[in-house]
Amino acid sequence: MIVGVDKNQFVGPHGSSNRRKHSQMERNGAELIPLRIPFGDYIRVTAEIQKLINAKGAENIHKNDLSDLIELSIDTKKGLQEVVGNVCSKQHERFKRELVKANGRLILLIEEPGIVTLEDVYFWENPRLKDNPKATKGSSLYKSLCTIKQEYKTTILFCDRKDSGNKILELLERGKT
C-alpha cells in the first residue's frame, strides 16, 4: 500500500517521535510518500492520487489539489494532552476548519495508554490538574470529543503509541469505519 504522509510528520518534534510509527508501517510493506495533506496526517494513495503525483510530482502538489480526492484521512494525536490543545485552546479554530474540510472523512487516532474507548476519556485524570485547578478535566474533554464526533462525523479511536503504525495501515486498508 502507498501511504501519503503529511510533510510535517517528518520534521521537527513530529519527525523524531514518528520514526517508530513510520518504520513499523514500512516493515509491513507500506511505501511512504511525503505530501501536503489538507486534513489529517495519513492518507491512502488511490489511483487518482497516484495519477496526480505522476503528472505533477509529489513535491508540486498543493493541499487544494488533494482535497476532493481523499477518501479517508487519519489524524494522529500524541495523547489526550495534544487533543486538549486542539479543542480547548487558541488552536481550536484551526482544528475546527480542518474538521469542516474533512467533511466526515477523518479518523482521529489518539495514542494514549490506558484509554480504549471514548467513554474512558470521561475518567481521564489530566496530570496538569496537579499544578492548575483550571486545567481541562476528562469529563470536559469527553463532551468536546462527543461534539466533534457528532457534529463533524469524525470517528475517534485510541491505540497505544507502539501500535499506531499498524493501526494506521489497518484503518487505511479497511476504509471509512
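Bear in mind these aren't lab numbers, they're just calculated from the coordinates by the rules spelled out. Values in this document were obtained by computation on a predicted structure and should not be read as measured data. When we count neighbours, we look across all protein chains shown, and the Cβ atoms used for this are built from the backbone with ideal geometry, even at glycine.
Observations on the structure shown:
- Within region 86-110, tally of residues that are assigned to a loop (DSSP other than H, G, I, E, B) and touching a residue at least 40 places away in the same chain (Cβ under 8 Å): 4
- Among the residues of region 36-47, those that are farther than 18 Å from L109 by Cβ and in contact with a helix residue (DSSP H, G or I) (Cβ under 8 Å, 6 or more places away or on another chain) comprise R36, V45.
- N64 being polar (S, T, N, Q) and under 19 Å from L35 (Cα atoms): yes
- Elements of the type helices (runs of 4 or more DSSP H) sitting completely within region 111-177 and holding at least 3 residues that are surrounded by 15 or more Cβ atoms within 10 Å (Cβ to Cβ) and either of a type in the set (A, V, I, L, M, F, W, C) or at positive phi (or both): these cover 138-151, 164-174.
- Any hit, region 40-59, residues being without any contact (Cβ under 8 Å) to a residue 60 or more places away in the chain, of a type in the set (G, A, S) and buried (at least 20 other Cβ atoms within 10 Å of the Cβ): no
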